[in-house]
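Taking it in order: structure first as structure tokens, then the write-up.
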Amino acid sequence: MKGRVFSGARPTGRQHIGNYLGAIQNYVKLQEEYECIYCIVDIHALTTLEDVSEIQSNIREMILDWLAAELDPRRSILFVQSHVPQVMELHTLLSMVTPLGWLLRVPTFKEKARMQPHNVNYGLVGYPVLQTADIVLYKADTVPVGEDQLSHLELAREIVRRFNNLFGPVFPEPQARLTTYPLVLGLDGVAKMSKSLGNHIELAATPQETDAQVMSAFTDPARRYRSDPGHPDVCNVYTLHNFYNPDQRDLIAEQCRAAAIGCVDCKKLLSQGINRALEPFRERRAAITDSYAGEVLADGAARASVIAKETIQEVKEKMGLL
Ligand code: TRP
Ligand code: SF4
């Protein structure tokens, strides 16, 4: 039997090349080996969101990007977390077997509490319990994650073990499957590419926007003049060439070190490479209608609900509620 993958992503709107290289590309590949369930976690978004007016448009942009990136709704379940409300029931039930001490120790909780001291809400503490509910509601055994989510997965396994010990073996222990791609830095060359920092290139950007964004990227800071030799290993433009111009990469490194290519030309090559790679994606995206995207999400929620209802029934029986 195929293993089952579950992954959730917050509705951050249009996805960027860091999202693609770090996660979406891997989601697409996993479809070959696993039964995959991919979820836009709108309830999780509420733990840190102050402005809710963009949730719906963020979901819409995200599902368009997922579909254009070839997450395949015939093979995989693509849905929005709140459309299957059983996850909130399971969250409450799992919270009864989750010691508060475990949650207060989670590094991401401490970090978020530091970042929003005015809004250390109950949902924020329970964030990993809701994440566990996401995964185990569908009895997923495999969770593709980045490094930053390992502590949540460890906690999910502890909650599952505790639940299974107390009430009988209901849930598989979910295993983290670390994404092999390195972290993708943004155009500033310093921080991880992220929408909130504005150092990103959207997958759905136009070629002209992409050219302008790449032109604004920071390069080797030691290369102040065109005649200075450069250091490709400290230049994020070069790192991006690894992804988008793998054939020319060695030549670019050599020319950079010899000051035989200028940064402007080097960036032009990069934006050409990115635009070439993203052209099919951009064409597919432009062809997807809102009504089709809406149907995909409705169908995904319907299929997810079937599994969710069975699990809730089983959990309630085991916990003495039926
Ligand atoms: N916590 C994850 C993040 O911030 C999102 C998420 C929610 C998730 N539920 C999940 C990831 C279930 C994997 C599995 O990126
Ligand atoms: Fe970076 Fe290219 Fe400039 Fe070298 S030539 S420093 S790799 S942008």
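Here are the numbers:
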quantity: Mean ellipticity per residue at 222 nm, deg cm²/dmol - from DSSP H runs of n ≥ 4 across the chain, formula -39500 (n - 2.57); calculated: -15500 deg cm²/dmol
quantity: Cα long-axis angle, helix 127-137 against the chain (0 to 90 degrees, to the nearest 10); calculated: 70
quantity: Choice from Arg114, Arg276, Arg249 showing the highest fluctuation, given a GNM over the chain with Cα pairs closer than 10 Å; calculated: Arg114
quantity: Where only alpha carbons of segment 103-213 are counted, the Rg and the Dmax (Å); calculated: 18.0, 59
quantity: Nearest 10 degrees, 0 to 90: helix 263-287 Cα axis against the chain principal axis; calculated: 40
quantity: Contour excess over end-to-end distance, with Cα ends at Glu209 and Ile288 and 0.36 nm allotted per residue; calculated: 26.3 nm
quantity: Unit Cα scatterers, Debye sum, segment 15-133: log10 I(q)/I(0) for q = 0.18, 0.23 Å⁻¹; calculated: -1.11, -1.31
quantity: Column: log10 I(q)/I(0), Debye, Cα scatterers of segment 139-293, q = 0.11, 0.12, 0.14, 0.15 Å⁻¹; calculated: -0.62, -0.69, -0.82, -0.88
quantity: Simple Cβ-charge dipole of the chain, Lys/Arg +1 and Asp/Glu -1, about Cα centre, in debye nearest 20; calculated: 460
quantity: Cα centroid of segment 274-309 to Cα centroid of segment 97-168, whole Å; calculated: 28
quantity: Order by protection proxy (mean Cβ within 10 Å, highest first), peptides 284-292, 260-268, 95-103; calculated: 260-268, 95-103, 284-292
quantity: Distance histogram in 10 Å bins (all Cα pairs of the chain, percent per bin); calculated: 5, 24, 30, 22, 12, 5, 1, 0
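Just so you know, all these numbers are worked out from the coordinates, no wet-lab data involved. Keep in mind that this is a model prediction, so the values were computed, not measured. Neighbour counts run over all protein chains shown; Cβ positions are idealised from the backbone, glycine included.
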